[in-house]
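Nothing in this text is a laboratory measurement; each read-out follows from the coordinates by a stated rule. In this text the structure is predicted, and so the values were computed from the model without any measurement. Positions of Cβ are backbone-derived with ideal geometry, glycine not excepted, and every protein chain shown enters the neighbour counts.
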Amino acid sequence: MRHLAILLLALLSLPAAADEIRMLGTGASKAIVEAMARQFEARTGHRIALTTDTAGGATRRMQAGESYDVVMIVPAAIDALAERGRIVRGTRRDIASVRIGVGVREGDPVPDISTLDAFVAALRAAPRIAYVDPAAGATSGIHFRAWLERAGLAAEMAPKTRLQAGGYVAELVARGEADLVVHQVSEILPVRGVRMIGPVPDAIQLVTTYSAGLSADARDPALARAFLDHMAGPEAEAAILAAGMTLPGR
């Protein structure tokens, strides 16, 4: 009996097993989530398993019933999923905002994009341009395509456009498959071999905020909330700024 008591005491003294938090996010938020995950993992020992998609694709995954613990999409999508019971009401946290930027291959001439006319000239001069496929539900791709159509440039750009359904579209530039990329800043900066030359002109800029919420399917709601708190806390600010994003409202 004494040996059994000693064994039970030893088992109780062992550290709790690390749990995995399943997170669904977007390509634009991938860099900051990975940085925040490293911070959280180092402090708690709990692992973040991240799945990324476009904003539209991530929303469709949740609508289809895929299970995650924490979800990070655009605010309207988080709110709509809360209405449908897929996100716990009242748990939305606005985490970071990002602008659309322009990138070229390292070592290539840097075009002038300081004005709208200069940006249009840069698009016309580039042999091939790349952006994320609007059909995939990508926020920046939908916005950029809509502007091309309003500006009467869509037909002119179509033959030299290279679309990618998701991921870091700037990789097309790095591989030499495109010469200029238009994508969210946080999806250009991580790509080696590509230089982010600046934001698109203010007249056509889109600032997108990404928000996170607790999934109704969370396996351990308290642990998932702890990661939500971390993402919205002061420790995460450096990761947000390093990714080329800003705190919401700044």
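So, with +1 on the Cβ of K and R and -1 on the Cβ of D and E, and no other charges, what is the size of the charge dipole of the range 100-204 about its Cα centre, to the nearest 20 debye?
My answer is approximately 180 debye.
Rounded to the nearest whole Å³, what is the per residue volume of the convex hull around the Cα atoms of the range 92-165?
132 Å³
Let me check the size of the chain from its C-alpha atoms; what are the radius of gyration and Dmax in Å?
For the chain, the Cα radius of gyration and maximum Cα-Cα distance read 21.2, 85 Å.
Quick one: work out the % antiparallel among DSSP beta bridges in the range 100-204, nearest 5.
60 percent
Rounded to the nearest 20 debye, what is the charge dipole size of the chain about its Cα centre when +1 sits on each Lys and Arg Cβ and -1 on each Asp and Glu Cβ?
340 debye
Using Cα springs under 10 Å in a Gaussian network model of the chain, which residue among 226, 178, 31 shows the largest mean-square fluctuation?
Comparing 226, 178, 31 in the GNM, the peak value goes to 226.
Which of 134, 201, 109 moves most in a GNM of the chain, Cα contacts under 10 Å?
Highest fluctuation among the options: 109.
Which one, 147, 115, 137, is farthest towards the positive end of the dipole of the range 100-204 when Lys and Arg carry +1 and Asp and Glu -1 on their Cβ?
137
At a Förster radius of 41 Å, what calculated FRET efficiency corresponds to the Cβ-Cβ distance of residue 220 and residue 124, to the nearest 0.05?
With R0 = 41 Å, the Cβ-Cβ based efficiency is 0.15.
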